[in-house]
1. Measuring from a point 7 Å past the Cα of residue B:360 along Cα-to-C-beta, which residues in the stretch B:158-189 have an amide N at less than 16 Å?
2. Calculate the spin-label point distance for residue B:388 paired with residue B:255, positioning each point 7 Å from the Cα along the beta-carbon direction, and give it in nanometres.
3. Which of A:107/A:191; A:31/B:88; A:191/B:210; A:191/B:263; A:60/A:90; B:8/B:190 have a Cα-Cα distance over 20 Å?
4. Given R₀ = 35 Å, what would the calculated FRET efficiency be for residue A:138 paired with residue A:49, taking r from the Cβ atoms and rounding to 0.05?
5. Would you pull out the residues with amide H under 5 Å of residue B:288's amide H, same chain only if 5 or more places away, H placed 1.01 Å from N?
6. Taking neighbour counts of Cβ atoms within 10 Å as a proxy for exposure, in what order, fewest first, do A:107, B:396 appear?
7. Show that you can apply the helix-only estimate: for the protein assembly as shown, add -39,500 (n - 2.57) for every DSSP H stretch of four or more residues, divide by all residues, and state [θ] at 222 nm to the nearest 500.
8. Would you grab the residues whose amide H sits under 5 Å from the one on residue B:200? Only those 5+ places off in sequence or on another chain, please, with H modelled 1.01 Å from N.
Amino acid sequence: MEAFTTHTGRAVPLRRSNVDTDQIIPAHWLKKVTRDGFEDGLFEAWRKDENFVLNRPERKGATVLVAGPDFGTGSSREHAVWALQNYGFKTVISSRFADIFRGNSLKNGLLTVVLEQKIVDALQVLTENDPEAEITVDLEDREVRAEGITASFDLDENARWRLLNGLDDISITLQNEDQIAAYEAKRPSHKPWTLKV
Amino acid sequence: MGRTLAEKVWDDHVVRRAEGEPDLLFIDLHLLHEVTSPQAFDGLRQNGRKVRRLDLTIATEDHNTPTLDIDKPIADPVSRVQLETLRKNCADFGVRLHPLGDVEQGVVHVVGPQLGLTQPGTTVVCGDSHTSTHGAFGALAFGIGTSQVEHVLATQTLPLARPQTMAITVDGELPDGVTAKDLILAIIAKIGTGGGQGYILEYRGPAIEKLSMEARMTICNMSIEAGARAGMIAPDETTFEYLKGRPHAPEGAEWDAAVEYWKTLRTDDDAVFDAEVVIDGAALSPFVTWGTNPGQGAPLSADVPDPASYEDASERLAAEKALEYMGLEAGQSLRSIKVDTVFVGSCTNGRIEDLRAAAEIVEGRKVADGVRMLVVPGSVRVGLQAVSEGLDVVFKEAGAEWRHAGCSMCLGMNPDQLAPGERSASTSNRNFEGRQGKGGRTHLVSPQVAAATAVLGHLASPADLSDADTRTPAGV
């Protein structure tokens, strides 16, 4: 995973609530067996409308998505995170994310930042009025900065440490392999199994 | 202080707990399907890792599988590659697989319980958000992303922060004609699509205790639509009765030991939930959705709401966009909404009781002109059971299409899709824009409402059917 320390970029303001993962990446894209090449599927249905914010020429190259509340609801598809990353987004700001989407994003180095709705509103107004306005998301200082706006955000220390260092969860867990083995040794024998091995 | 059901199951699976770290939880059962696993197996290969516990892992094919002509090669080359990838991955790593054509194939959340693999007090994960279904057994079950699928394959554990707990108590008794689907749609409309976020829900109270296992699965299945990763129901005699004798249920002394443990899996009287919601079950009636998220629902007897009636600006905007997408007018009665397609199936309502309920209503009646009704059993076993009871004949005689098992039109990854602008009454779980096909419009309903809607051609409950004008006369 790529480490995330601080990022500055132009933004796409997306004024919609309850953007579910079926909107972020429709199901027919889920047939791919790789982690890349999802950029053209991102918000596919909405992008058919040439006025959709992502299609506007002034939003080209934007890397910060400022989203409405309850972003990423619905299906657990990690493809939603890959699609955002493949398109070029480094971070998504919202007042509330769906749990599974949030977990998926942090495991892939896409920083999802939770801010109060009124600050999200202010960032949307700012970037709607000025497409050149930049937003900085600073994970070291846990702070979002833009013209006239400074807001701190929370992220649990463990997730922050993993992101800052780009650490892979599996290697961290396998450092505790002896504890997994000890747990396995005392599991009750009535627990189900799928296969005699 | 006492503990809740969720806390007990959680505590029993902690492999490692350390200050400032998420708990490392042991996973008892890992279910795999073709969509969310290929990149995870690739990750294992790249790092030279094996599947740690093949004996706790099982795979099936469901999202992409066709429901017609299953003996022929799959027409869509991309779907075919995904299924072939799963087959290769399972063969390479030694994972038990039930592919298309196998008698145990079906929607992953129907297959686990019917094999008896889903048991009380277990932790169950799958790269699919409707894994919450398995919570009906008092299991802690939740959907995970592909990175976590890889993590479980490699370590049989997951690092997780413990969610809070929410009690959803359903008092009273559900009136006749009100089903588990109506209840869960009403719960989601009440607490909202984000209402359960950060919580494990525990459904409890007299109305829940009376439900069958299949009805409980319908409830827990849609916990995710309220934003909760998991929903649970304490195991009881209904649970034990369902499990006894299933292929993977314990036997003999193991059964006794298991039941003794399972009986401890109840929220203690002095346990405290972080949040509580109370629903009056007796006040409910058939419930349907009118919008584009599962929280946008109302009793069937109501009208399409006026967006202007919402105080919250973002809810108002969401309602406006939903009505536009759905092609509905504020104030029109929900019963006046005509449909093109009726879908009975999915991990929400594709089990035998659901098919029986729908068949009972269409028996001796005809699907309305211009309406297509698709009946897709949740698994091959469910399909075989239905055939043994003659339900397939009932559906076919009514003019419905009887199909092979799979996820089918719930998410339109296979050829079963709505055309742009088409409208469905669907027993599935998501009414998102384009979920059942680009431009398709979905109303979520119970199997009973689906069947009555198929007969009348507009959203309806069985009570709207009149024997005189819709039943085929006796002897004809």
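Bear in mind that the values in this text are calculations on the coordinates, not laboratory data. Predicted, not measured: the structure shown is a model, and the values here were computed from it. For neighbour counting, all protein chains shown are included, and Cβ atoms are generated from backbone atoms with ideal geometry for every residue, glycine included.
1. B:174-182
2. Computed distance between label sites residue B:255 and residue B:388 equals 1.8 nm.
3. A:107/A:191; A:191/B:210; B:8/B:190
4. Working: r = 34 Å, r/R0 = 0.97.
Computed FRET efficiency for residue A:138 and residue A:49: 0.55.
5. Amide H to amide H, under 5 Å and 5 or more residues apart or across chains, residue B:288 pairs with B:298, B:300.
6. Working: A:107 23, B:396 12.
Neighbour counts put them in this order, fewest first: B:396, A:107.
7. Helix contribution divided over all residues of the protein assembly as shown: -9000 deg cm²/dmol.
8. Excluding prolines and chain starts, which carry no amide H, the hits are B:164, B:165, B:166.
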